[in-house]
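The values are calculated or read from the model by the stated rules, or taken from the named source; none is laboratory data. Keep in mind it's a predicted model, so treat the numbers as computed, not measured. No Cβ is skipped: glycine too gets one built from the backbone with ideal geometry, and neighbour counts run over all protein chains shown.
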């Protein structure tokens, strides 16, 4: 399958390129140099001694990649864990990431937008808007980017305003009533000030239905804007002001029922109650008396100052961000519960509804100094301050039927049961109400240097000192007192926190084998600070800090420009071990599954990655990447209380990690003589091997390997002012999910993405200048 996918794509690209093959290789120019800021200064991608992928904004727009969830199609080492809302979603790199509902823990994969770290994974799930490029830095990056970069960094760089007028508007429509409108304008406001404004609006009905009320699910309505000002008061000073705002409403992400396991309760009560819904691997529908809903507001502003003092550069980035999130969810996954008096084997026949909201603020300040280049010692050094505050409110209601005057009925193996109805029964409604707040303060000092021993040989060294302090206050009230209540621990109140210092660092060497080929090797010490398991169901045994997570990472790589610059080929091999890995373990409260954050012992990820870009002849480009990742649990450490499956999972794969992932894309621009337009063909294929979603290795919580293919053809006006593209996604109509969640031994829930089916659409773009 893997080889077939790659061959199919290359053959198709070759067919599209047939008119150009008669040209000589000399007719193809060298691939343009790609400039990145992966080491806090502008450098050529081929000179940066780390494993990094770059995806341009133009490439994402052509491939209909509009968010981090879809970015995984173009970056094989990247995976996306989709939760019930963006609050619970996260990215993983090389199989490693932090997935938690707790407010006292931060991601292992850091998302950075225009130099500003986003402290929570959920902040990074908004639509992409007017991006210049995305840099994906693989492996621990804590020396320059901080403690929440212990697995990698996703760095998004937006387009900066220029003194030349520019701008565009584009509109897209896809099957399923999905449409997008976006645009941007940029230009001079004075001789020293340039400005830009970008905005978007997007809507999608969804890929499923709630059979209870006919509501669409898994759709969205998003809108937002970003404004930028670039002021250059002197030749030595550049100041960027950036402000953004987005408002998102999602009627998901819905948990569809995939598999219902045989049991007396399921056979007699749960499965019949779902009709006419049909559970299965391809099911996208739900049967909930409370439709899922997530509302999200993300906003912020930043000021970046770059001041050249002689050959040195001083950079200051000051930023504030606010994130508001609200979600409503059906926790029993049925529309008719409770149906029977809750006694004996029917004690789990309850109705459970959840409502939560959060308000999150963060302030960051980074100050750094970059030395001139071309000297024996080149360095970047800086100071960093980071403060966040998060408040949460969560309400879980649990209803059950206490008694009924209706006559008993026989429910198969369950025996006699008393049915309930509103007119003939007595119901009890209980609730758990949680209010909790968390503050996190981080101080850091860092530096990284390069020693130029010769024009070809360089040494690399760096270190970062980090201090973290977490404080929390938590209160949960339960209306049922000490009585059993599924999914809600007893009344609880606590205050506390934790504090720790830590070091991360890097040493390495890079050597120019020839002027067009560079080899490098490095050892990186990664560090992820302490955490607190502050969440709704927090209890006394959570009132202790989760220890810092450390990692030892070894990497070697080769970066090359071949065939007179028409082929860029970069490869790397890595081996990383994480100690005190911060991860979730499943637990049960009554009949409800919850997750608890714990130090999960030792995990290891090792493998091989390759990225290439090839332009064999003019107007034809083929690029892609391959990742082999073996991410596994070496030794799981059981939490102090709760369930544990350590003996069963030692040596097993980490969740949300595929061993093999491949992405190949081809584009061919075909000029048409005598026509008002030219043609631009694009094809792409992706493959990933099977992926498990459960750290406890539930054999049913697995997505088998699959391959997808996309294609588009665009009609481009001769002056490049107008572009009309016809797009096909998932041509093979491959059904796949991006999460499967075991609900104990009862049933399996799943989340199906937008791209888990075939669909077609069109995009019209008009360049204003």
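Looking across the stretch 75-103, just one residue is in a loop (DSSP other than H, G, I, E, B), touching a helix residue (DSSP H, G or I) at 6+ places or on another chain (Cβ under 7 Å) and over 19 Å from residue 220 (Cβ atoms), and that is 101.
For the stretch 547-583, the candidate set comprises residues that are more than 23 Å from residue 94 (Cα to Cα) and touching a strand residue (DSSP E or B) at 6+ places or on another chain (Cβ under 9 Å); within that set, the residue that is surrounded by the fewest Cβ atoms within 10 Å (Cβ to Cβ) is 562.
Checked against (1) within 29 Å of the chain's Cα centre (by Cα); (2) free of Cβ contacts under 8 Å to residues at least 40 places away in the same chain; (3) farther than 30 Å from residue 563 by Cβ, residue 442 passes all but a single condition, namely (2).
In the stretch 104-135, the residue that is modelled with the lowest pLDDT out of those that are assigned to a loop (DSSP other than H, G, I, E, B) and under 21 Å from residue 633 (Cα atoms) is 105.
When residue 459 is tested against (1) surrounded by fewer than 16 Cβ atoms within 10 Å (Cβ to Cβ); (2) not in a strand (DSSP E or B), just one condition goes unmet, and that condition is (2).
For residue 324, the conditions (1) outside any strand (DSSP E or B); (2) on the phi < 0 side of the Ramachandran plot; (3) in contact with a strand residue (DSSP E or B) (Cβ under 7 Å, 6 or more places away or on another chain) are fulfilled apart from (1).
Every residue, every condition in (1) without any contact (Cβ under 8 Å) to a residue 12 or more places away in the chain; (2) more than 21 Å from residue 97 (Cα to Cα); (3) not in a strand (DSSP E or B), yes or no:
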{"site": "668", "(1), (2), (3)": "no, yes, no"}
{"site": "694", "(1), (2), (3)": "no, no, yes"}
{"site": "734", "(1), (2), (3)": "no, yes, yes"}
{"site": "737", "(1), (2), (3)": "no, no, yes"}
{"site": "753", "(1), (2), (3)": "no, no, yes"}
{"site": "769", "(1), (2), (3)": "no, yes, yes"}
